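Below you'll find the structure, written out as structure tokens, and then a few comments.
Nothing in this text is a laboratory measurement; each read-out follows from the coordinates by a stated rule. Quantities reported herein were computed from a predicted structural model and do not represent experimental measurements. Here Cβ is always computed from backbone atoms with ideal geometry, including for glycine, and neighbour counts include all displayed protein chains.
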Amino acid sequence: MRGIAAREAPDLALTVASAGTANYHPGASADRRSQAAARKRGFDLSALRARQVKAADFAEFDLIFAMDRSNLRELLAMAPATAHGKIQLFLDNAPEQSVREVPDPYYGGPNGFEDVLDLIEDAARGLLRRLRTQAPQS
């Protein structure tokens, strides 16, 4: 998302962060296969580090996206009721896709990471289109 926004929507002032609902591998870098697939598309994930969603995220961010329904439920359970409206499935930004959940690439066979990147890129571009239509016009 960060890379696509920088390339395709530098006019939008966005803060993009990534976090998980579970506290697996805090501080660890992205999976090497994920980094390799992203690198082929011109995205550098080497600076990313795993972290868990924290309570302050629900106040700090205007939108919070879940990659699947399980994480959506977990986020809604973690968030104060006032933040529920900002929590959505990421692929809702890619209505042209036939799926609503980003699958876990670890179980997606030899093209799992590439397939996931296709979905994420579509949703990122859809989100940018949505944000542009909602942005105040000067």
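On a per residue basis, the convex hull of the C-alpha atoms belonging to the stretch 15-54 measures out at 78 Å³. Calculated [222 nm] ellipticity per residue, helices only, for the chain: -11500 deg cm²/dmol; basis is -39500 (n - 2.57) per DSSP H run with n ≥ 4, divided by all residues, nearest 500.
Entry note: the chain has Rg to Rh equal to 0.94, where both radii use alpha-carbon atoms and Rh is the Kirkwood radius.
Look at F61, F113 and count the other Cβ atoms within 10 Å of each Cβ; fewest to most, that gives F61, F113.
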